[in-house]
1. Across the stretch B:1-29, what is the total count of residues that are under 30 Å from B:V272 (Cα atoms) and either more than 14 Å from every other protein chain (Cβ to nearest Cβ) or modelled with pLDDT under 85 (or both)?
2. All but one of (1) in the same structural domain as B:G244 (by TED's automatic domain parsing); (2) touching a residue at least 24 places away in the same chain (Cβ under 8 Å); (3) of a type in the set (A, V, I, L, M, F, W, C) hold for B:V64; which doesn't?
3. Tally up the residues in the stretch A:178-213 that are among the acidic types (D, E) and over 18 Å from the mean Cα position of the chain (by Cα), please.
4. Restricting attention to the stretch B:218-230, does a residue exist that is closer than 23 Å to B:W71 by Cα, among the hydrophobic types (A, V, I, L, M, F, W, C), crowded, with 23+ Cβ neighbours inside 10 Å and out of contact with any strand residue (DSSP E or B) (no Cβ under 8 Å at 6 or more places or on another chain)?
5. Being surrounded by fewer than 21 Cβ atoms within 10 Å (Cβ to Cβ) and in contact with a Gly (Cβ under 8 Å, 6 or more places away or on another chain) is the filter here, so list the residues in the stretch A:307-339 that pass it.
6. Those residues that are closer than 21 Å to A:G183 by Cα and touching a strand residue (DSSP E or B) at 6+ places or on another chain (Cβ under 9 Å), I need them from the stretch A:203-218; list them, please.
7. Which one of these is over 19 Å from A:P367 (Cβ atoms), of a type in the set (S, T, N, Q) and either modelled with pLDDT under 85 or under 19 Å from the mean Cα position of the chain (by Cα) (or both): A:Q72, A:Q115?
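The values are calculated or read from the model by the stated rules, or taken from the named source; none is laboratory data. Please read these numbers as outputs of a predicted model, since none were measured by experiment. Every residue, glycine as well, gets a Cβ built from its backbone with ideal geometry; the counts of neighbours run over all protein chains shown.
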Amino acid sequence: MKKFLTVFLIISLLAASFVFSAGQREPEKPKVTVFWALYDGLTEAYRTELQNAFMAEYPDITLDIVPVPWDQMYDKLTTSLAGGNPPELSIIGTRWIIELLEMDAVAPVEDYVNQATLDNIFDGTKEAFINGKLWGLPVAAGARILAINNDITTKVPATMEEMRQEAIRISRNTNKYGLIMPGRKHTELTDFAYYFYAAGGDFFEIKADGSYGKSLVNSPAGVKALEFMVQLAKDEVVPRGYLAQTRMEAHPVFYTGDAGYVMIGAWVESALQQAGAGFDVTYAQIPGFAGYDSAPLVITDSIALFKDAKFKDEAGLFLDFFYRDEWKARFDELIGFPPVTISAAELPQFQTPLYQVLNEAAAHAKPWPLIDGFAEMTDIIWDAISFAFLGQKTPKQALDDAARAVDQITGF
Amino acid sequence: MEKGKIRRISGDAWMAYALLTPAVLFFVIFMFYPIIYVIMMSLYQTNRLGILMNFTGLDNFIRVMQQETFWAVTGRSFVWTILAVIVKTVLGMIIALCLNVEFLGRKTARMLFIIPWASSVPISSMLWRWVYDHEFGLLNQTLISLGITQNPPVWLGTPIWAFISCIWVDIWIGIPFMALVFLAGMQSVSKDLYESASVDGVNAAGKFFYITLPSIKQIIFIATLLSSLWTFNDFNTIYILTRGGPAGSTDILITAIYKSGFEWLRFSDAAVMAVVTFIILMVFSLFYAKMYFKGDEAL
């Protein structure tokens, strides 16, 4: 009995100390966590400066900007949401917003930021405006372009076919690669989309009410695009290890001056600077196939605010702070994307040839389809591309199988 | 305990229960509850956050098992585990035998040898990803500069080489554990046995097969069982090296579970595969243990 009393006493004391300490605890200091995508060109110094500057202005708020590589962002975000522990804010690919809405995971960001901040953002970049509400502020929006290493070639191709011919010439006559083409699955389907859109393709048929219908990835445009990609590999104009290269591994081959062409985003200039590239670059439109107009891919990324986050008001304060020119324009300059804010777009640093090409590309660019389950569809189409590259299926067979699998997901 | 009497719990027992309570609570909250929840997810339709919606019974199991990819990844998981564990066991044994012999610098060799196992798996896998890189990787540069080939394979880009490359990294990380455990076992074997065998004219192979192996049989059993469980569930190596590609050719059950759950948000499908994995490993462990004890009785 004595031992029982001793144990009881110990447990009571422990419980009392917990209660006491809980009672004495100071009110929780708001902490805003931001999942911060590591764009090429974005520096650690900028992240730290931004974090410190915000906390200096708002000493009662802790800001934790968590750097996350792009190819891990989707997994990290969905894992944190599934675990019931979302950040306050996260940079997302805007196409993810449909899934986040399906999960009921996001809050309308327009309810938490100043009207002045909203008014300073170009309406055309507000891709996350769905069902009458803005679910994410655009953080980067840019069409993809063609970068040409002038030490290797000065030819600006008017069609995909011309680009292939010049790439063949480069790889036969020099010890350089004609073209960069990542062949390994990564987060996005960009590398297929360049050719697919250039052949006039669309991922889905659009029904009369504007909703998506059956998959069109196996349309003549899809087959033409994939056959062309397979042919480029057979021509040996791309690095021989392309099958093992994601975008992150493939692009440095261009930065080191070893390839003539690369289809790339606006970050190319800052990435080249950081890599110390010593060659001149021409920027041009991604060409269409013969008989087709140029139709580059445009990608927007947004900052979403999460419904179950604890400190949404404080997160709104951070957004207002971040969207000031002092920070946002610097951010845009580092990542190389054209500004999404009206005031930053007027700054002299955004009046260069690169931004002129980007603006021209944006005028006729096509975005990703905004459809639930696109992450799984991306995986399916990537696998089809891999099967074609590996010669295990013809491009037509691979894309027919992919279209069937995609239609199963969408229920068509 | 006498018949008809209710046993009183003594003060010592109370103390024991009280001290065990935190551990039991920890086990229930962090082990038992997640397992039950995963089993429930496999029997329910879930939303994209993994919340249970409608009870569907075994429908999820039927749907998942009708998919070709499920059987492909399950089969690959077995090939992956069997190959890796066999190689780790054989190489681990050879290295343990080498390290059990007196030679100058043996202590340093043992310390160096543990590095792959002491490093974290993600770091080791990242390191190997660089080694395998086609353009800038150490492996291809070495093969080319030694004149072995001017056309090295794309290690992580073709199905067969990607699978072999992943297995090799798993083996590279796992060998030190096997070797050290075997070495510890070998050092506990009495030297008198070897001396007696020498007197009787038994050669080195005979000593190994008739003295060393039987003496460390229990250790081999535990090491191979643990290695099998770890290898079957080795997510990091494959995810970092290939993410299951190219075209799913290096996907095993554990990576398929992750993709299904956290990339495609199909939590029910992921739960089905997790339950299947749980059953496979449970049955394997019980069968393996039964075989072991049966063999032990026969001796």
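1. 6
2. Every listed condition holds for B:V64 apart from (1).
3. So the count comes out to 3.
4. no
5. A:D308, A:L334
6. A:F203, A:V217
7. A:Q72
A quick yes/no check of all residues on (1) assigned to a strand (DSSP E or B); (2) over 25 Å from A:P338 (Cα atoms):
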residue	(1), (2)
A:Y197	no, no
A:G200	no, yes
A:D209	no, yes
A:L226	no, yes
A:A233	no, yes
A:V238	no, yes
A:F254	no, no
A:Y261	yes, no
A:S270	no, no
